[in-house]
Amino acid sequence: MTLRPAFRTATAATGAVLVAILLSSCSGGQSPSPTESASSKPKASAAEPTKVTYNECLDGAAQVSVDRSEKPVRVVDCDGVNIITSDQSYELGAVKVLTVEASNATITIGEPGVQKIAVLGSGNTVTYTGAAPEVSDEGEGNTLSAR
């Protein structure tokens, strides 16, 4: 049995269309919509986000964020302390590195040995004990002095 040339051409064209449809349906999946990105979907191997713990010295570092109080906030010895809450007084033990993000805070470092103080906020008063540390003052109206 012989196929007519027109029928052969139609069969070949239909076959080519079917192959194209099959190949396009084998793509890697749906494309993200314009409002979502591929990175916005959680990955199976993604680690859980790190929980931030405040007001405790963990692994030598403390993030200090408290409700405002009339009494000074006391922070035990910790290598690195980051003061976040503004308009508050703080009494620190031994600290090697102090970062002050707060503004209008009064901070007293009771033990000698602070090596670096970085002040990002404004209007802070920091008093340290011992030799003068390396200071980075990015704010305005901050006062740093030895006891």
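The values are calculated or read from the model by the stated rules, or taken from the named source; none is laboratory data. These numbers were taken from a predicted model, which means no experiment stands behind them. We place every Cβ from the backbone using ideal geometry, glycine too, and count neighbours over all the protein chains shown. To get the accessible areas, we keep the full protein, side chains included, count just its heavy atoms, and leave off ligands, DNA and RNA. Shrake-Rupley method; radii C 1.70, N 1.55, O 1.52, S 1.80 Å.
General remarks:
- Taking (1) open to solvent by less than 30 Å² (accessible area, probe 1.4 Å); (2) within 21 Å of Cys57 (Cα to Cα) in turn, Thr106 satisfies each apart from (1).
- The number of residues in the range 109-121 being open to solvent by 10 Å² or more (accessible area, probe 1.4 Å) and over 14 Å from Pro133 (Cβ atoms) comes to 2.
- Summed over the range 122-132, the residues that are open to solvent by 20 Å² or more (accessible area, probe 1.4 Å), out of contact with any Pro (no Cβ under 9 Å at 6 or more places or on another chain), on the phi < 0 side of the Ramachandran plot and not hydrophobic (A, V, I, L, M, F, W, C) give a count of 3.
- Among the criteria (1) open to solvent by 20 Å² or more (accessible area, probe 1.4 Å); (2) more than 26 Å from the chain's Cα centre (by Cα); (3) of a type outside the set (Gly, Ala, Ser), the one Asp77 does not fulfil is (2).
- Matching residues, the range 105-145, being within 26 Å of the chain's Cα centre (by Cα) and of a type in the set (D, E, K, R): Lys116, Glu134, Asp137, Glu138, Glu140
- Considering residues of the range 80-103 that are under 21 Å from the mean Cα position of the chain (by Cα) and open to solvent by less than 10 Å² (accessible area, probe 1.4 Å) only, the residue nearest to Ala61 (Cα to Cα): Val81
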